[in-house]
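Everything on this sheet refers to the single structure shown next.
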Amino acid sequence: MKKSISKFLSLALLSALVLTTSCSSDDDNSSGDGDGGTSFVLDRDNLTGEINDGEVILESGTYKLTGKLIVNANAKLTIKAGVKIEATSAEAGDFAAVRYIAVAQDGEIDVQGTSSNPVVMTSVNKAPGSWGGLVICGKAPINKGLTASAEVSDLTYGGNESGDSSGSIKYLRLEYTGFAYNSEKEFNGLSLFGVGSGTTIEYVQSFEGSDDAFEWFGGTVNAKYLVAFNGLPSVGDDIFDWTEGWVGTAEYLYGKRTNAGNRGIEADNNSNNESATPISNPTIKNITLIGNNSGSENQAIKLRVGTKAQFDNVVLSNRGRGFDVQAAPDLSAGYVGTALQAINVKFVDITEKANATAEGIYTENADATGAGNGIAKPTWADGWTVGL
């Protein structure tokens, strides 16, 4: 009798355990696409709104971006490998309907692309400037004040947390970005506002964007394996741009344009106060910049308004001028050769290596490889990039 009761109780306990496990599995499955304990309602045909809590997961396939998508504090947006986010068309002049994705301070993004299956953020309209792009706002130091409001998204950025993390981005392609509200207010491909060094940014391409491909507004974030390409007749702005005290490191950068767009790099400290601290002073390693030797801003690298920088292993090609430093009284002029210098530089079809102010900024090395393969596409860009 005791054995029968014991056996019965064991079976009951096992059944309860199986039932509990089964319910847990059902819950996991029901959370599926987009629901990680969040109040945000995910609709893949109408991706817009503000994520205020929990984790939204984009699992697979295509999502239609129909407005702005904001990841607020204490929320997370996870995007799995192979996902495509496609911005729909907005009515001309309807600025409230501009499509873009932004991560606010203490929000988090996790882009989980791979070399064979990148995440793609693009537009229905295949033309530069068709949608905003990706904006990230962190809590790392800037020199515009303790904090400031981002020129696009109006989100707060800046602070005193150098190691702040906004998440991780790997293998992401941004296409047809650069929507402009006006000549002074326009999106880049990837805009980094006060982003901290705890953030991972690796293997990102900007393709046919109308404004800068990548721009750093202060912060301490590092980046690796960045690619930009512009070839359509509509003129794009600079490829890489920094201002407001960026002090991170960027390694393996490949920028190529076959149209009459602007500079390869345009770099500032602070246009209102050149000595504002922290002073822009990034380290740039392993970079190739290719132009088409035309346009009104035909310099590979333009350095001005108090920026400092250290370059190593640089290949510059097909430009009217390699290095251009703003003349005194611009503070950058006084940094040439010390706080502003480039070593291991190779010039390929450059009409003038440097302007008078920039003389002494570089040392040459005919064996410099730049992004890894001279002016040719680097092997690390294989598989996940387009247009090269």
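The values are calculated or read from the model by the stated rules, or taken from the named source; none is laboratory data. Please read these numbers as outputs of a predicted model, since none were measured by experiment. Ideal geometry is used to build each Cβ from the backbone, glycine not excepted, and the neighbour counts take in all protein chains shown.
Do we find a residue being under 19 Å from Gly93 (Cβ atoms) and among the charged types (D, E, K, R) anywhere in the range 136-150?
Checked the range 136-150: no residue is under 19 Å from Gly93 (Cβ atoms) and among the charged types (D, E, K, R).
Do we have any residue at all in the range 303-323 that's acidic (Asp, Glu), surrounded by fewer than 22 Cβ atoms within 10 Å (Cβ to Cβ), under 30 Å from Asp367 (Cβ atoms) and at pLDDT below 95?
Our first condition is that a residue be acidic (Asp, Glu); within the range 303-323, this holds for 312.
If we keep only those that are surrounded by fewer than 22 Cβ atoms within 10 Å (Cβ to Cβ) too, we end up with 312.
Cutting the leftovers down to under 30 Å from Asp367 (Cβ atoms) gives us 312.
Within this subset, residues satisfying the condition of being at pLDDT below 95 are none.
No, the range 303-323 contains no residue that is acidic (Asp, Glu), surrounded by fewer than 22 Cβ atoms within 10 Å (Cβ to Cβ), under 30 Å from Asp367 (Cβ atoms) and at pLDDT below 95.
What tally of residues in the range 235-263 results from selecting those that are under 16 Å from the mean Cα position of the chain (by Cα) and at pLDDT 95 or above? Step through it out loud before you land on a result.
Step one: filter the range 235-263 for residues under 16 Å from the mean Cα position of the chain (by Cα), giving 237-243, 246-255.
Add one more test, that the residue is at pLDDT 95 or above, and what stays is 239-243, 246-255.
Residues flagged as under 16 Å from the mean Cα position of the chain (by Cα) and at pLDDT 95 or above within the range 235-263 amount to 15.
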Checking the conditions here, which among Gly291, Gly387, Gly374 is out of contact with any Phe, Trp or Tyr (no Cβ under 8 Å at 6 or more places or on another chain) and surrounded by fewer than 21 Cβ atoms within 10 Å (Cβ to Cβ)? Gly374
Every listed condition ((1) modelled with pLDDT of 95 or more; (2) assigned to a loop (DSSP other than H, G, I, E, B); (3) of a type outside the set (Asp, Glu); (4) closer than 18 Å to Asn72 by Cα) holds for Pro141 save (4)
Quick one: would you say Asn292 is among the polar types (S, T, N, Q), in contact with an Asp or Glu (Cβ under 7 Å, 6 or more places away or on another chain) and within 16 Å of Ile375 (Cα to Cα)? no
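From the list Gly129, Gly67, pick out the single residue that is touching a Gly at 6+ places or on another chain (Cβ under 7 Å) and of a type outside the set (D, E, K, R). Break it down into steps so the answer makes sense when it comes.
Working: Gly67 fails: touching a Gly at 6+ places or on another chain (Cβ under 7 Å).
Only one candidate passes the filter, namely Gly129.
Going by the conditions given, is Ala102 in contact with a Phe, Trp or Tyr (Cβ under 8 Å, 6 or more places away or on another chain), buried (at least 16 other Cβ atoms within 10 Å of the Cβ) and within 30 Å of Ile279 (Cα to Cα)?
no
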Considering Val227, Val195, Val204, which residue is farther than 16 Å from Val135 by Cα, of a type in the set (Val, Ile, Thr) and either surrounded by 24 or more Cβ atoms within 10 Å (Cβ to Cβ) or in contact with a Cys (Cβ under 7 Å, 6 or more places away or on another chain) (or both)? Val227
Right, Glu184: under 24 Å from Gly113 (Cα atoms) and not small (Gly, Ala, Ser) or not? no
Output yes when any residue across the range 267-276 is crowded, with 24+ Cβ neighbours inside 10 Å and either in a strand (DSSP E or B) or without any contact (Cβ under 8 Å) to a residue 40 or more places away in the chain (or both), and no when none is. yes
Those residues that are closer than 20 Å to Lys285 by Cα and in a strand (DSSP E or B), I need them from the range 351-366; list them, please. Lys353, Ala354, Tyr362, Thr363, Glu364
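Let's see how each residue does on (1) more than 21 Å from Asp110 (Cβ to Cβ); (2) surrounded by 23 or more Cβ atoms within 10 Å (Cβ to Cβ); (3) of a type in the set (Gly, Ala, Ser):
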position: Ile142; (1), (2), (3): yes, yes, no
position: Phe179; (1), (2), (3): yes, yes, no
position: Ser183; (1), (2), (3): yes, no, yes
position: Glu186; (1), (2), (3): yes, no, no
